[in-house]
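Structure first, then comments.
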Amino acid sequence: MNMILIMANIFTWLKYNFWWLLILLVLIIVVIALIRLLNYQKGTEKLPVEDETINDFIDCYGGIKNINKAELEGSRLKVNLKDINKANIDKFKALGATGIFISGNNIKMVLPYDMSKLIEKINNDKFGGNL
């Protein structure tokens, strides 16, 4: 009997103070949105790439002489090779590459690194920095 009385009091209070529920709902939505935004920003940070890792990537492409051109396409690294058979796809995966796509003599992939340093190294070695 007391439980029914308590429930009746709660519903009566909510009838006249429903706006507290709206405020609570809005606060919950804002907190969830902030948490998701912060987690999204953490996932988009790129790792700095070390010189040794850059050389490993160049070796995976079959050496600097096998590379025709390297460029960014959105968030992907696109490298055009002279001979695609010299590329070591399994080692790319071991180095952290994901979404590897091969089309003709082009290899496109997403890397967890800042790829601008890798492209700069390839262009400096291949073309003396002039492209």
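The values are calculated or read from the model by the stated rules, or taken from the named source; none is laboratory data. Only a predicted model underlies this, so the values are computations on that prediction, with no experimental measurement involved. Virtual Cβ from ideal backbone geometry, glycine too; neighbours counted across all protein chains shown.
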Residues of the stretch 90-118 being more than 21 Å from LEU47 (Cβ to Cβ) and among the hydrophobic types (A, V, I, L, M, F, W, C), in sequence order, are PHE101, ILE102
Complete set of residues in the stretch 77-126 that are among the aromatic types (Phe, Trp, Tyr) and in contact (Cβ under 8 Å) with a residue 40 or more places away in the chain: TYR113
Looking only at the stretch 36-63, and only at residues there that are in a loop (DSSP other than H, G, I, E, B) and touching a helix residue (DSSP H, G or I) at 6+ places or on another chain (Cβ under 7 Å), the one that is farthest from GLU120 (Cα to Cα): GLY62
When the residues of the stretch 83-96 are filtered to those that are out of contact with any Asp or Glu (no Cβ under 7 Å at 6 or more places or on another chain) and in a loop (DSSP other than H, G, I, E, B), which remaining residue is surrounded by the fewest Cβ atoms within 10 Å (Cβ to Cβ)? ASP83
Residues that are loosely packed, with under 10 Cβ neighbours inside 10 Å, assigned to a helix (DSSP H, G or I), of a type in the set (D, E, K, R) and not assigned by TED's automatic domain parsing to the domain that holds TYR113: does the stretch 14-28 have at least one? yes
Residue set PHE18, PHE57; condition over 29 Å from ASP83 (Cα atoms), out of contact with any Ser or Thr (no Cβ under 8 Å at 6 or more places or on another chain) and not aliphatic (A, V, I, L, M); output residue PHE18
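Can you go through LYS86, LYS82, LYS78 and tell me which one is under 23 Å from ASP114 (Cα atoms) and among the basic types (Lys, Arg)?
LYS78
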Which residues, taken from the stretch 97-111, are loosely packed, with under 14 Cβ neighbours inside 10 Å and either outside any strand (DSSP E or B) or more than 15 Å from the chain's Cα centre (by Cα) (or both)? PHE101, ILE102, SER103, GLY104
The residue that is farthest from the chain's Cα centre (by Cα), considering only those in the stretch 64-82 that are at pLDDT below 90 and assigned to a loop (DSSP other than H, G, I, E, B), is GLY74
